[in-house]
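See structure below.
The values are calculated or read from the model by the stated rules, or taken from the named source; none is laboratory data. All values reported here derive from a predicted model rather than from experimental measurement. With ideal geometry, Cβ positions are generated from the backbone for all residues, glycine too; neighbour counts draw on all protein chains shown. The area values use the complete protein model at the heavy-atom level, side chains included, leaving out ligands, DNA and RNA. Shrake-Rupley method; radii C 1.70, N 1.55, O 1.52, S 1.80 Å.
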Amino acid sequence: MSLALTGLGVTSGIAIGQVHRLTPGELSIPEYHLGDDAVGSELDRLHKAFGRGEKFLADLLARMSKEITETARDLLEAHRLILRDPMLIEGTAERIRSKRINAEWALVQQADQLQAEFRRMGDEYLALRREDLEQAVGLVRRELAEQPALFVSTQIPHRLEATIVVAAELGPAEMTVLAQRKVAGLVTEHGGPWSHAAILARSLEIPMLVGVHHALDLLDEGEAVILDGHYGAVLAGADESLFAHYREKREASQRRRIELRRYLGRPSVTRDGQAFSLLGNADLLPDFERCREVGVKAIGLMRTEYLYLDDALPDEDTQYRAYRAAVEAMQGRPITIRTLDAGGDKLPAILGFTKGPNPALGLRGLRLSLSLGELFVQQIRAILRASVHGPVEILLPMLTRRDEIRQARNIIDRCREELRAEGMAVDPELPIGGMIETPAAAIDVDHLAGELDFLSIGTNDLIQYVLAIDRSDELVNYLYDPTHPAVLFLLQRIQQAGARHGCPVTVCGELAGDERTARLLLGLGLTRLSMPPAALPAIKKSLLEASAADCQQIVREWLDSSQNSAEQGLLERLSPE
Amino acid sequence: MISRPLTLSNRLGLHARAASKLVQTTARFDSAAWLSHGDKRVNAKSIMGVLLLGAPCGSELIAEFDGEDEAQALEALEALVNDRFGEEQ
């Protein structure tokens, strides 16, 4: 029987392979009392379990390739220290001795007590993260159970090139092992497109679907499946012709990737002599390396939300290291760092805000940052400190008003002064730009441009707000239309305001990285496009072969005419053939 | 047995990363190690103990070591604290 499960594609790639299910299985906690003569052997069992858990993590760290993130490495190091912690080991052993109870029971009691002590501390900044202790203790419990002893190492086969791993959720340790073993594709039941696992998969270009409900129940071990990231579907029980179709599709896209590489070295100028710039979007270090490989001149958008995904907030130094690593990876090419763009559907739980009645219109983007006070200061300080190592620009998300820019500038100025007093030479001219992604910002763009050094258009949000369409709402998403005259009018308005104020305008939403719409932007005079590095080669080819004058002509006619519903749509008219 | 007062001068105090470095340092030596802050005294080889001190920047700590290599251990810890745990300021 054939079956199609849907979820959300993290990348648009295709993977074909056999299902391997990762099921940690719920561990029960046996509770029993020991006879006097059993205490010694129980203590031995406890120490051996800790030892094996610790050795597993040590091995994993030693084998870890450099592509794995600093965050994952830090997490694993922290877990390792917990497994060597005398308070945990000795405390558990003491319970075994004094209460005559088994190791599992004693361990859980001791861990609970430590969790309670951390909760009482009340300072979440200095405390240990709940999940770190849980995960580390989980390793020991598995060892004690002598059950799938170690989830990651023993359950994951060594060769995964033709394997699609299905799991409830994937953590940093699993992702590390899976990526190293070159997994073909990933399917998780939970987790969103901005989870650690998803960001890492995107960065490493591993096809992945998240939010596939009941995948573990519905997909059988060893079953051959097709993962189509573009349509967000896993196809099981497909017939041979469908497999052949997808194999062909996968090979064609690989061939095309190789073919497109030859355009990368060419100067970025259209057929009729219009220069354009292609920039990269990046989160993690591998993204920056990919950006360099495809020859970007700058990073148009470095998102910082991933730093806030954890249970604990990133301190200034953690952020500074991440930004500095990015700056160094780009070797002198400028990086635009966007300050925390949380809120809406991605409000980190840790910030302790409850969702407002309408998150899309609520506390998000710069509004959230300005209300965070010290946390925003930490981020700005970290960015400014990193700017000493190479060119950096700051990008403020979700603007609606001029005074928001002034408030942010005041904070940036204050941080700069503080750092100067601490002996750090921060560039006084460090450019500050704003995201134009709300109707208010787009309509009032002249005033905003007067206070900013550059503009960046977030087309995803802008289109969503202008058309009042949530693209994830299946009942209305057929109305999502980037060629809607209202959208084009605003894009044109932003471009013109940028030109008047000498503010460079970059487009960094999905429209920039989509072959179907890049020429539309060219036709609007928007020639700085920032996109994921994987999209760049195809966009470059499309623009090299385009005529800017023709594109402008077509867009102008479209805007002037009342035939927006003409048989041939705008995008078809702009496309090469 | 030797002991010495130390002042935390890194901006963030004994947060997770600093505590990790501290424990990695004390664990290199055979001597037993304790750290006190106010009325709390913990095993300085325990990451959770060190974190439970909840010591912010500016805290006065007392480090104690007992064992053959206590002098070297104290020296190493003092160097780490004075170097502000390698955090760039």
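Results, tabulated for the structure shown:
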quantity	calculated
Identity of the residue in segment A:295-316, assigned to a loop (DSSP other than H, G, I, E, B) and open to solvent by 20 Å² or more (accessible area, probe 1.4 Å), that ends up farthest from A:Ile394 (Cα to Cα)	A:Asp311
Subset of segment A:106-125 (residues that are within 9 Å of chain B (Cβ to nearest Cβ) and modelled with pLDDT under 90)	A:Glu117, A:Phe118, A:Met121, A:Gly122, A:Asp123, A:Tyr125
Lone unmet requirement of (1) over 16 Å from the mean Cα position of the chain (by Cα); (2) open to solvent by 20 Å² or more (accessible area, probe 1.4 Å) for A:Leu279	(2)
Test: residue in segment A:270-283 that is assigned to a helix (DSSP H, G or I), farther than 27 Å from A:Thr163 by Cα and in contact (Cβ under 8 Å) with a residue 12 or more places away in the chain	no
Every residue from segment A:46-58 that is of a type outside the set (A, V, I, L, M) and open to solvent by less than 60 Å² (accessible area, probe 1.4 Å)	A:Phe50, A:Gly51, A:Gly53, A:Glu54, A:Phe56
Failed criterion for B:Leu53 (all others in (1) at the interface with chain A (Cβ under 7 Å from one of its Cβ atoms); (2) farther than 15 Å from B:Leu77 by Cα hold)	(1)
Selection from segment B:25-47 of residues that are part of a helix (DSSP H, G or I) and over 10 Å from the mean Cα position of the chain (by Cα)	B:Ile47
Boolean, B:Asp39 is touching a residue at least 24 places away in the same chain (Cβ under 8 Å), away from chain A (no Cβ under 14 Å), open to solvent by 40 Å² or more (accessible area, probe 1.4 Å) and out of contact with any Leu (no Cβ under 8 Å at 6 or more places or on another chain)	no
Residue that is farthest from A:Leu128 (Cα to Cα), among those in segment B:56-72 that are away from every other protein chain (no Cβ under 14 Å) and open to solvent by less than 20 Å² (accessible area, probe 1.4 Å)	B:Phe65
Matching entry among A:Arg159, A:Arg141 (being surrounded by fewer than 18 Cβ atoms within 10 Å (Cβ to Cβ), among the basic types (Lys, Arg) and either outside the structural domain of A:His213 (by the TED database) or at pLDDT below 75 (or both))	A:Arg159
Odd one out for B:Ala44 among (1) open to solvent by less than 30 Å² (accessible area, probe 1.4 Å); (2) facing chain A (nearest Cβ under 8 Å); (3) in contact (Cβ under 8 Å) with a residue 12 or more places away in the chain	(2)
A:Leu419 being over 26 Å from the mean Cα position of the chain (by Cα), crowded, with 22+ Cβ neighbours inside 10 Å and either part of a helix (DSSP H, G or I) or not assigned by the TED database to the domain that holds A:Arg500 (or both)	no
Any chance A:Val177 is part of a loop (DSSP other than H, G, I, E, B), over 16 Å from the mean Cα position of the chain (by Cα) and surrounded by 20 or more Cβ atoms within 10 Å (Cβ to Cβ)	no
Residue identified as surrounded by fewer than 22 Cβ atoms within 10 Å (Cβ to Cβ), modelled with pLDDT of 90 or more and more than 24 Å from the chain's Cα centre (by Cα) among A:Gln553, A:Gln563	A:Gln553
Which numbered condition B:Ile2 misses (of (1) surrounded by fewer than 19 Cβ atoms within 10 Å (Cβ to Cβ); (2) within 11 Å of chain A (Cβ to nearest Cβ))	(2)
Residue match in segment B:73-87 (condition: touching a residue at least 24 places away in the same chain (Cβ under 8 Å), facing chain A (nearest Cβ under 7 Å) and open to solvent by 10 Å² or more (accessible area, probe 1.4 Å))	yes
Counted residues, segment A:522-531 - those being in contact with a helix residue (DSSP H, G or I) (Cβ under 6 Å, 6 or more places away or on another chain) and either surrounded by fewer than 23 Cβ atoms within 10 Å (Cβ to Cβ) or free of Cβ contacts under 8 Å to residues at least 60 places away in the same chain (or both)	3
